[in-house]
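The values are calculated or read from the model by the stated rules, or taken from the named source; none is laboratory data. Quantities reported herein were computed from a predicted structural model and do not represent experimental measurements. Here the Cβ positions follow ideal geometry from the backbone for every residue, glycine too, while neighbour counts run over all protein chains shown. Heads up: the accessible areas ignore ligands, DNA and RNA and are worked out on the full protein's heavy atoms, side chains in. Shrake-Rupley method; radii C 1.70, N 1.55, O 1.52, S 1.80 Å.
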Amino acid sequence: MVVGAGMTRFTKSPERTVESLGREAVLGALGEAGVQRDEVEAAWCGTMLAGAGAGQRVLATVGMTGIPIVNVENACASGATALAGAVTAIRAGECEVALVLGIESLSGRGGGLLEPDRSDYLWQSGLTLPAVYAGMIRRHMALYGSTAEQLAQIAVKSHRNALANPYAHFHSPVTVAEVLASPRVADPITLYMCCPNTDGGAAVVLMGSAAARRRGLAGARVAASVLRSGRPVTHAGDGGPEDLMKRAASAAYEQAGIGPGDLDVAEVHDAFAPGELIAYEALGLCAEGEGGLYVDSGRADIGGEGVAVNPDGGVLSRGHPLGATGVAQVAEVFWQLSGRAGDRQVEGAKVGIAHVMGGTLFELEASACAVHVLVKEGDR
Amino acid sequence: MDRQLIGGRCTGCGALMYPAPEACPACLNDKIDHAELASTGRVRTSAVINLGRAGFPIPYFVAWVDLDDGVRVFGRADRELAVGAPASVHAGEDGLPRFGMAP
């Protein structure tokens, strides 16, 4: 069960170290959970670029080293992968109280495109990560008639939702026209359809269900924790990132014993707006090809007729401190399920899903996809 | 005259691949022959890159093409290619795939 969460404001804060960001998130999560530092038995830390020993560097600032600390890298899915590791350990009975942390400091590296080290030929040929998403959505537009305007609506919803999220990077509403007129990145993707480079930390406290009940703690049960890596997309007939998403989501629904119709809230990977549109379909919120209609009809809105998607602004407006994102998604789902989401609360939310992608290898569908399903404790 | 794109064919299982790997990921055989790849294919999808990288004058065009011999390759195109369109494929000076309109 997730019993507490904490995060920093996600913003550009180059003057802050990852240790400072991580410390704030850790203390916030422990405080919310009412768990003492010396009760944490193991910790997992997800980051892509913070360097060796990131978990130890953070936890040393709060006197928490000595316990097992696992540092996890899975590109943008690092934080969720860290969570998956902690879930596995608790399910196996290895520990009862675990801390999961995600951190990233990007703004000190300059803005613009992230260029991780790679030698694959697609990178050498000029591929960029936004272009991967552009390729995905251009195919979707050709096959199903989705539009740039629908992508812009995703950005508009994201910015609108983020107004009620004090932790979000952006607190600035945008219009469809403004989104479409913003600088082109990879047609039809414009700048306002892309997440910013952000610094931040997020943490959750995970507890075995029996231990949580002994302490009388409410929370959100982890009904599914699924991690998959991408298969090669090197031959005709191979798919794309959406296929990895479908396989991971399918396994998560099976593990949780639910279907997409049971969801109230979803945090999906919208580092680029097309990612969210594709996720509506890949997570089964709507039929294949209908992702554009899903957002167009308002189904993805808070209070809409479908599943509220990215009620906190998502990656796009909340910001993307890479390793922190997967943990921040789960924090938001936890807050939604425990009625702590303030003005962005999805009424009566009981079941939520968090989905994140990570990718630095372009010969695969993606590097990784992690899907977690949380259920408000007390509900079956 | 455009140069043919060169990939690899596994001498163990016959798999055709681009780029030619050091060893076959399917059967693990490490004897990979050079193989000329098909010079035509169909566009799976494409992209126009407006915000690019150092050394790539913007905008530039890229595509993922499923070659007629079954290999999928990625590379720069000389124009924006439509999803599903036929395309021609050859090797650039750097040996990397380049696409154009089908002949």
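Can you list, largest first and rounded to whole Å, the semi-axes you get for the stretch B:34-103 by taking the square root of 5 times each eigenvalue of its Cα gyration tensor? Spell out each step's value before the answer.
Values: eigenvalues 80, 40, 16 Å².
Computed over the stretch B:34-103, the values are 20, 14, 9 Å.
Given C-alpha coordinates of the stretch A:225-380, what is the ratio Rg to Rh with the Kirkwood estimate of Rh?
On the way: Rg = 14.8 Å, Rh = 15.5 Å.
For the stretch A:225-380, the value is 0.95.
If r is the Cβ-Cβ distance from A:I67 to B:E22 and R0 is 41 Å, what FRET efficiency results, to the nearest 0.05? List each step's numbers first, then the result.
On the way: r = 41 Å, r/R0 = 0.99.
E(calc), rounded to 0.05, equals 0.50.
How large, in percent, is the carbon and sulfur part of the accessible surface of the stretch A:1-138 at a probe radius of 1.4 Å?
Details: 2440 of 5080 Å².
The value for the stretch A:1-138 is 48 percent carbon and sulfur by accessible area.
With a 1.4 Å probe on protein heavy atoms only, tell me which residues of the stretch A:122-141 lose at least 20 Å² of accessible surface in the complex relative to the chain by itself.
SASA drop of 20 Å² or more in the stretch A:122-141: A:L122, A:W123, A:Q124, A:S125, A:G126, A:L127, A:T128, A:A131, A:G135, A:R138, A:R139.
Take the eigenvalues of the Cα gyration tensor for the stretch A:29-79, scale each by 5, and report the square roots as semi-axes in whole Å, largest first.
On the way: eigenvalues 85, 31, 16 Å².
Value: 21, 12, 9 Å, ordered largest first.
Using only atoms on other chains, find how many Cβ atoms lie within 10 Å of each Cβ of peptide B:73-81 and report the average. Kindly include the intermediate steps, with their values, before the conclusion.
On the way: counts 5, 14, 6, 3, 0, 0, 0, 2, 0.
Taking all residues of B:73-81 together, the mean is 3.
Please work out the FRET efficiency for the pair B:E93 and A:E288, using the Cβ-Cβ distance as r and a Förster radius of 45 Å; give the result to the nearest 0.05.
Values: r = 41 Å, r/R0 = 0.91.
Efficiency computed from Cβ-Cβ geometry: 0.65.
Please report the buried accessible area for the interface of A with B, total over both chains, probe 1.4 Å, in Å² to the nearest 100.
Numbers: alone 14310 and 6420 Å², together 18170 Å².
Accessible area lost upon association: around 2600 Å².
Only sites in a loop by DSSP and with at most 13 other Cβ atoms within 10 Å count here; which GluC sites (Glu not before Pro) in the stretch A:297-380 make the cut? Don't jump to the answer; show the numbers that get you there.
Numbers: sites: A:E305, A:E332, A:E347, A:E363, A:E365, A:E377; in loops: A:E305, A:E347, A:E363, A:E365, A:E377.
Answer by residue number: A:E305, A:E347.
With point charges of +1 on the Cβ of Lys and Arg and -1 on the Cβ of Asp and Glu, referenced to the Cα centre of the stretch A:2-58, which listed residue (A:G53, A:A5, A:V35) lies farthest in the positive direction of the dipole?
Farthest towards the positive pole: A:G53.
With label points built 7 Å along Cα→Cβ from the Cα atoms of B:R3 and A:Q255, find their separation and express it in nm.
That separation, rounded to one decimal, is 4.7 nm.
For the stretch A:39-115, state the semi-axes of the equivalent ellipsoid (square roots of 5 times the eigenvalues of the alpha-carbon gyration tensor), sorted largest first and rounded to whole angstrom. Don't skip to the end; give the middle numbers.
On the way: eigenvalues 124, 43, 11 Å².
Semi-axes (√(5λ), whole Å): 25, 15, 7.
With every protein chain present, what is the per residue accessible area of the protein assembly as shown (1.4 Å probe, Å²)? Don't skip to the answer; put the middle values down first.
On the way: 18170 Å² over 483 residues.
Counting only protein heavy atoms, the per-residue value for the protein assembly as shown is 38 Å².
For the stretch B:1-97, give the percent of accessible area contributed by carbon and sulfur heavy atoms, probe 1.4 Å, rounded to a whole number. Walk me through the numbers on the way to the answer.
Numbers: 2430 of 4780 Å².
Using a 1.4 Å probe with all protein chains present, the stretch B:1-97 comes out at 51 percent carbon and sulfur.
Please report the carbon-and-sulfur percent of the accessible area for the stretch A:302-372; probe 1.4 Å, protein heavy atoms only, DNA, RNA and ligands left out.
Details: 710 of 1550 Å².
The C+S portion of the solvent-accessible surface of the stretch A:302-372 is 46 percent.
Which length gain, in nm to one decimal place, applies between A:A210 and A:D296 when the Cα-Cα distance is subtracted from 0.36 nm times their residue separation? Mind dumping the intermediate values first?
Working: separation 86, 0.36 × 86 = 30.96 nm, distance 4.34 nm.
Result for the pair: 26.6 nm of gain on full extension.
Quick one: compute the contact order of the stretch A:122-275, relative version, from alpha carbon pairs under 8 angstrom and 6+ residues apart, as a percent. Mind showing how you got there, number by number?
Details: 116 pairs, mean separation 39.1, N = 154.
Worked out over the stretch A:122-275, it gives 25 percent.
Given points 7 Å out from each Cα along the Cα-Cβ axis, report the B:D68 to A:E41 separation in nanometres with one decimal.
The modelled label-to-label distance comes out at 6.3 nm.
Any idea how far the Cα center of the stretch B:2-66 sits from the one of the stretch A:337-366, in Å?
Centre-to-centre distance over Cα atoms comes out at 35 Å.
Ratio to report: Rg/Rh of the protein assembly as shown, with Cα atoms as the point set and Rh obtained by the Kirkwood method; give two decimals. It would help to have the intermediate numbers written out before the result.
Working: Rg = 22.5 Å, Rh = 22.8 Å.
Over the Cα atoms of the protein assembly as shown, Rg/Rh equals 0.99.
Taking a virtual spin label 7 Å from the Cα of A:D120 along the C-beta vector, which residues in the stretch B:68-103 bring their backbone nitrogen under 15 Å of it?
Residues passing the 15 Å test: B:72-75.
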